[in-house]
Amino acid sequence: EKEMIVRVPEKAFMQELVMTVSAGLNDVIKVNGEAVESGSSIKVDCSFPIDIIVTDEIAKTSASYVVKVGKILSLKMTKLADYAEDGCSNTDYPTMAVSPSDGLPYIAYSRKRIDPKDSYAQVSVVKWNGSSFEPVGPLGFTGSGSDKAANKPVMAFDKNGTPCVAFIDGKNNTSAALMKFDSGTWSYVGETATGIKLSSSYEAGIVFDPTNNTPYIFAQGAGSGKTDPIYRTMHVDF
């Protein structure tokens, strides 16, 4: 591989280790810029990535590789839970953020119901309560199933820990929208229709100014097509 990770016990991490290198006929090896004979063992400082260049002396071509040394992980991922919204034909584009107030994950996603059958996807949010996922406010809170789609939600928290979701709002000129959850209700923050049609093929992004809590939403323009000057240009609302 062009980039390789070798994991060692913690006591050997960030130490000087011995590397043995070998290459094929007519190949010249350089490790960290110094020529090394094939089959030899050399000491390498594993505090930094190790650069290896192999050159075919006849073909005059080269290939470069990087070896990184990391610790054997003392922790492992374990399954937390499964979640599926009941009565939905599909759920798409999940995005997760961790609440700064309690350290628990929230997940936003788009979904369509089977009965009554939705024409367009809307956004739902659930949170982990310590034992299972539970809805945050009404499911599908961005509109009814006949409203234009709320596309590709992005989950975030403002500096006060208020859950927020940014998305491309189909029922408002396919523009960027932001909703926040406060006092048990999801509500729009600011204007929703910017007059600029955005691409629903790519998710929006959101960041909060840590000094005054101003939200900034950025998304890719769509306009009327490839000849439109705003096509595939980045737009920011705040």
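The values are calculated or read from the model by the stated rules, or taken from the named source; none is laboratory data. Not measured: the values here are computed from a predicted model. A quick note on method: Cβ atoms are made from the backbone with ideal geometry, for glycine too, and the neighbour counts reach across all protein chains shown. Heads up: the accessible areas ignore ligands, DNA and RNA and are worked out on the full protein's heavy atoms, side chains in. Shrake-Rupley method; radii C 1.70, N 1.55, O 1.52, S 1.80 Å.
Subtracting the Cα-Cα distance from 0.36 nm times the residue separation, let me have the gained length for residue 162 to residue 35 in nm, one decimal. Roughly 40.0 nm would be gained on extension. For the stretch 117-238, report the % of Cα-Cα distances exceeding 22 Å. The answer is 35 percent, as a whole percent.
DSSP beta bridges in the chain, what fraction antiparallel, as a percent rounded to 5?
On the way: 62 of 68 bridges.
Roughly 90 percent of the beta bridges in the chain run antiparallel, per DSSP.
Packing around the peptides 183-190, 172-179, taken as the average count of other Cβ atoms within 10 Å per residue, puts them in this order, highest first: 172-179, 183-190. Geometric descriptor of the stretch 1-91, per residue, is 163 Å³ (volume of the convex hull of the Cα atoms).
Between the residues 8, 36, 133, the greatest Cα displacement towards the positive end of the dipole of the chain, with unit charges on the Cβ of Lys, Arg, Asp and Glu, is found for 133.
Which one, 211, 142, 20, has the greatest fluctuation when you compute a Gaussian network model over the chain with C-alpha springs under 10 angstrom? Among 211, 142, 20, the largest mean-square fluctuation in the Gaussian network model of the chain belongs to 20.
Listed options for mean projected area of the Cα convex hull in nm² are [x] 20.3; [y] 16.0; [z] 23.5. The value calculated from this structure is the one marked [x]. Cα centroid separation, the stretch 35-60 to the stretch 87-145: 51 Å.
Leaving ligands and nucleic acids out of the surface, order 51, 158, 237 by accessible area at 1.4 Å, largest first. Show your work: numbers first, answer last.
Details: 51 80, 158 20, 237 55 Å².
From most accessible down to least: 51, 237, 158.
Near residue 85, no amide H atom lies under 5 Å from its own; only residues 5 or more places off or on other chains count, and H is placed 1.01 Å from N.
Between the amide H of residue 113 and those of 89, 118, distances stay under 5 Å, these residues lying 5 or more places away or on another chain, with hydrogens modeled in the peptide plane.
Taking a 21 Å limit on the Cα-Cα distance, which of the listed pairs 148/197; 76/152; 2/76; 2/68 fall beyond it? Numbers along the way, then the final one.
On the way: 148/197 14 Å; 76/152 30 Å; 2/76 26 Å; 2/68 11 Å.
Result: 76/152; 2/76 exceed 21 Å.
A convex hull fitted to the Cα coordinates of the stretch 135-178 yields 71 cubic angstrom per residue. The HN-Hα couplings worked out from phi for the stretch 57-73 by the Karplus form 6.51 cos²θ - 1.76 cosθ + 1.60 (θ = phi - 60°) are 5, 7, 7, 6, 10, 10, 9, 10, 9, 10, 10, 10, 10, x, 6, 5, 5 Hz, whole numbers, x standing for Gly and Pro.
Excluding residues on the same chain fewer than 8 positions from residue 226, give the aspartates and glutamates whose Cα lies under 20 Å from its Cα. The reachable aspartates and glutamates, counting only those whose Cα sits under 20 Å from residue 226, are 203.
Could you look at the chain and say what percent of its accessible area is carbon and sulfur, using a 1.4 Å probe and all protein chains? Of the solvent-accessible surface of the chain, carbon and sulfur hold 52 percent. Find me the longest stretch of the chain that has none of the exposed trypsin sites (Lys or Arg not before Pro), where exposed means in a DSSP loop (not H, G, I, E or B) with at most 10 other Cβ atoms within 10 Å. Within the chain, the longest run free of exposed trypsin sites (Lys or Arg not before Pro) spans 118-225. Counting only GluC sites (Glu not before Pro) that DSSP places in a loop and that have at most 10 other Cβ atoms within 10 Å, the longest clean stretch of the chain runs over 58-238.
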